[in-house]
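Can you read through this structure? Questions will come right after.
The values are calculated or read from the model by the stated rules, or taken from the named source; none is laboratory data. Keep in mind that this is a model prediction, so the values were computed, not measured. Quick reminder, even Gly has a Cβ in these numbers, built from the backbone with ideal geometry, and neighbours come from all protein chains shown.
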Amino acid sequence: MKNISRRKQFSLFAFCCLISFVFLISQGLYAQEEAAEHNSEHSTEKATEQSANQNAGQEDTGQDIYSQDIKPLTTRECARCHYSVYMSIKKGKGAHKKDCTFCHKTYHSFQRGLTWDERVPHCQNCHDLPHGDSKEMKQCLKCHTNAHAPLASLDMKSIEPFCTTCHSQQAKEIKDYPSAHSAVNCSVCHHDTHGYRPLCTECHDKPHTKFIDNASCMACHNPHMPTNINYGTDVPNEVCAGCHPDPVERMKSTSAAHGRLKCVFCHAEKHGNIPTCQSCHSIPHAKKMIEKFGDCSKCHGNPHDLNMKK
Ligand code: HEC
Ligand code: HEC
Ligand code: HEC
Ligand code: HEC
Ligand code: HEC
Ligand code: HEC
Ligand code: HEC
Ligand code: HEC
Ligand code: HEC
Ligand code: HEC
Ligand code: HEC
Ligand code: HEC
């Protein structure tokens with residue numbers, strides 16, 4: 001009986017040794033992997049550091065370490081272990097390019113019972129609630145998926161349901177002026193990244209004018225209410241010509257003064273506006289004559305060529 005329990009004890013001991021051995025090996029391998037990863041970046045730095053460390057208890061200053069002050073870790077020192085965090089901040093190119101300890105006043109506070117939230121800083125501490133206090137808008141990391149690169153990591157899927165919350169003007173326009181554009185989600189046009197501005201010609205590859213940059217199209221069409229067409233005073237006649245060949249032909253072939261005018265001088269501001277002759281000419285003839293013959297066009301004919309009817 002005694003023997004058996006001894007053997008049991010021994011095998012338990014052996015088992016523990018094996019476990020520790022495997023653990024140590026794996027730790028060693030892990031450390032080596034980590035080191036290999038970092039060595040490529042910091043090989044020269046490491047080399048000088050190692051030679052300094054050979055003077056045990058002295059390091060680089062040549063003085064006894066234990067009589068020196070301990071300086072806080074610098075951002076570059078944190079970065080040796082937290083290389084990926086450092087790279088996110090660097091590549092994110094945003095306003096979070098600060099020292100680690102600007103945000104992490106405390107860190108490495110692994111203690112039983114401390115939750116994650118108690119170990120890392122909170123967005124709200126510095127930013128309050130910039131998008132309001134709704135339940136969804138409080139979940140900062142759902143949209144800003146990387147705390148260290150909050151703009152570069154914006155997630156389109158999580159943002160999509162809230163476009164209209166933040167951009168209420170565009171949302172109102174697209175709803176109040178129903179058009180083919182109202183039938184699609186915002187992100188069909190504004191795809192891939194937040195703030196992407198699509199070109200009209202991505203979808204309208206053969207537009208009705210030869211002016212094909214967005215600014216030209218938007219001189220008449222607001223992208224969120226494209227059927228509500230407004231324009232300025234210097235639209236060339238040929239833009240209208242594609243759809244209205246008849247007035248253009250008439251104006252070209254006449255010697256009357258109207259032929260030298262711009263379409264938008266008379267059809268001003270909004271597509272479809274039709275002016276009255278009187279709005280420019282008042283009534284140039286005797287009242288009696290107008291009463292007798294009626295409408296101006298009875299004598300002057302088509303307004304585009306004023307081909308006087310005899
Ligand atoms: C010698 C390596 C090393 C250095 C240097 C180091 N850390 Fe860490 N840090 C770790 C390890 C290991 C963990 C735990 C594993 C993990 O989460 O990656 C950790 C975890 C963390 C965490 C997670 C939350 C927590 O506190 O538990 C934060 C935040 C952190 N470190 C911040 C920093 C900051 C800031 C610095 C520099 C001032 C720094 N670390 C320097 C190795 C290091
Ligand atoms: C310790 C303070 C602090 C914490 C914690 C913090 N930030 Fe910031 N954040 C800043 C400062 C400072 C700026 C720059 C502000 C400025 O320039 O007006 C900034 C800027 C930003 C910006 C604008 C970025 C840019 O590049 O212009 C966003 C977005 C942002 N933070 C989101 C977050 C989110 C999300 C969290 C939580 C995951 C967070 N922040 C946590 C301090 C903090
Ligand atoms: C602008 C504030 C800010 C700065 C600067 C900042 N952090 Fe953080 N960090 C945070 C916040 C907020 C979290 C918590 C994210 C979460 O809740 O998951 C965090 C989480 C972490 C974590 C744990 C989660 C992870 O992403 O691995 C580590 C490690 C960490 N930071 C290290 C660093 C290091 C190292 C630096 C400097 C190179 C740094 N942080 C700079 C705000 C910051
Ligand atoms: C529904 C998605 C979403 C959530 C949730 C969210 N954000 Fe944002 N946040 C955005 C978008 C989109 C922007 C606009 C980015 C830009 O300016 O290009 C933004 C911008 C910001 C900015 C910089 C612009 C500004 O308004 O000054 C800060 C700071 C910020 N968020 C912090 C936070 C914080 C803190 C939280 C949590 C309390 C949070 N965000 C939650 C989507 C979100
Ligand atoms: C949390 C608020 C928020 C959400 C959600 C949000 N945006 Fe924005 N968006 C902003 C802010 C802030 C700006 C910067 C505005 C500025 O500079 O005037 C912006 C800018 C833009 C711009 C213009 C970018 C530029 O070049 O100036 C577009 C386009 C845009 N957002 C589209 C969208 C679309 C589409 C969605 C939904 C997928 C969306 N936004 C969701 C806040 C938000
Ligand atoms: C992501 C694709 C996409 C983009 C970008 C886009 N459109 Fe459209 N648009 C459509 C589709 C689809 C229709 C409906 C079918 C059609 O008429 O070709 C449409 C219809 C229209 C209509 C007719 C609306 C109606 O209800 O009859 C106008 C006008 C228009 N687009 C102008 C523009 C202008 C101007 C731009 C740039 C500012 C633009 N579109 C950008 C997809 C797009
Ligand atoms: C049919 C395509 C299309 C749809 C759908 C669409 N947009 Fe746009 N949006 C555009 C185009 C095109 C521009 C102008 C790009 C430019 O300035 O060259 C634009 C510009 C914007 C801007 C910048 C505004 C400014 O004044 O510069 C915001 C913000 C925006 N859109 C938000 C939205 C939101 C929110 C929705 C959904 C409610 C939406 N868009 C739906 C095509 C679209
Ligand atoms: C001078 C003003 C003007 C300019 C500039 C302009 N459009 Fe138009 N567009 C119109 C008018 C007017 C209509 C006809 C509206 C109607 O049917 O009631 C129209 C109709 C459309 C339609 C509806 C389908 C069709 O062809 O009949 C699309 C799509 C369109 N425009 C896209 C564009 C694009 C893309 C650009 C830029 C390349 C552009 N427009 C530039 C005035 C303009
Ligand atoms: C893409 C084609 C297109 C372009 C470009 C276009 N129009 Fe039109 N226009 C139409 C269509 C289609 C109608 C008739 C439907 C309607 O009333 O909206 C119309 C109607 C009109 C009417 C009203 C006719 C009536 O009997 O009520 C006038 C005036 C007019 N257009 C002037 C212009 C002028 C001026 C331009 C140049 C700035 C122009 N259009 C550019 C397609 C176009
Ligand atoms: C001197 C002012 C004037 C100019 C310039 C002018 N129009 Fe007109 N247009 C009118 C008036 C007035 C009517 C209404 C005629 C009627 O009620 O019978 C009209 C009618 C129209 C109509 C609807 C009836 C029809 O003839 O098809 C269209 C379309 C039109 N114009 C397009 C144009 C275009 C395109 C141009 C430029 C090439 C142009 N107009 C230049 C004054 C003008
Ligand atoms: C938006 C203003 C405007 C409208 C509307 C308008 N005209 Fe004119 N009209 C002019 C201008 C400008 C002239 C040239 C005056 C000059 O050269 O002194 C002109 C000249 C004329 C002339 C003299 C022609 C010539 O060759 O000398 C006649 C006739 C005329 N208009 C008739 C009409 C009639 C009829 C209508 C309505 C169908 C009309 N106009 C609508 C602005 C307008
Ligand atoms: C009974 C036929 C008739 C009617 C109706 C008529 N006109 Fe005339 N109008 C003429 C004749 C004839 C002239 C002189 C022709 C010329 O000099 O070439 C003239 C000349 C004009 C001129 C040029 C005047 C100048 O001083 O150079 C204008 C402008 C004009 N008409 C506008 C109108 C307007 C606006 C109306 C409608 C309110 C109208 N006409 C109705 C017959 C008419």
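Hey, any hits in segment 274-293 for a residue that's modelled with pLDDT of 95 or more and closer than 30 Å to I174 by Cβ?
yes
Would you point out which residue out of H148, H144 is surrounded by 15 or more Cβ atoms within 10 Å (Cβ to Cβ), farther than 30 Å from S216 by Cβ, more than 16 Å from the chain's Cα centre (by Cα) and at pLDDT 95 or above?
Being surrounded by 15 or more Cβ atoms within 10 Å (Cβ to Cβ), farther than 30 Å from S216 by Cβ, more than 16 Å from the chain's Cα centre (by Cα) and at pLDDT 95 or above holds for just one of H148, H144, which is H148.
Something else about it: Pull up segment 57-105, narrow it to residues that are in contact with a Pro (Cβ under 9 Å, 6 or more places away or on another chain) and modelled with pLDDT under 90, then point me to the one that is nearest to C126 (Cα to Cα).
Across segment 57-105, the extreme among qualifying residues is G94.
Here's a follow-up. Residue check, K98 against (1) charged (D, E, K, R); (2) closer than 20 Å to R80 by Cβ; (3) within 12 Å of ligand 5 (Cβ to nearest atom), all met but one. Which one?
Against the list (1) charged (D, E, K, R); (2) closer than 20 Å to R80 by Cβ; (3) within 12 Å of ligand 5 (Cβ to nearest atom), K98 comes up short only on (3).
How do the pairs read when you match residues in segment 271-300 that are within 16 Å of ligand 6 (Cβ to nearest atom) with residues anywhere that are among the aliphatic types (A, V, I, L, M), using Cβ under 6 Å and keeping only pairs 6 or more apart or on different chains?
Pairs that qualify, where the first residue is within 16 Å of ligand 6 (Cβ to nearest atom) and the partner is among the aliphatic types (A, V, I, L, M), are H271/I229.
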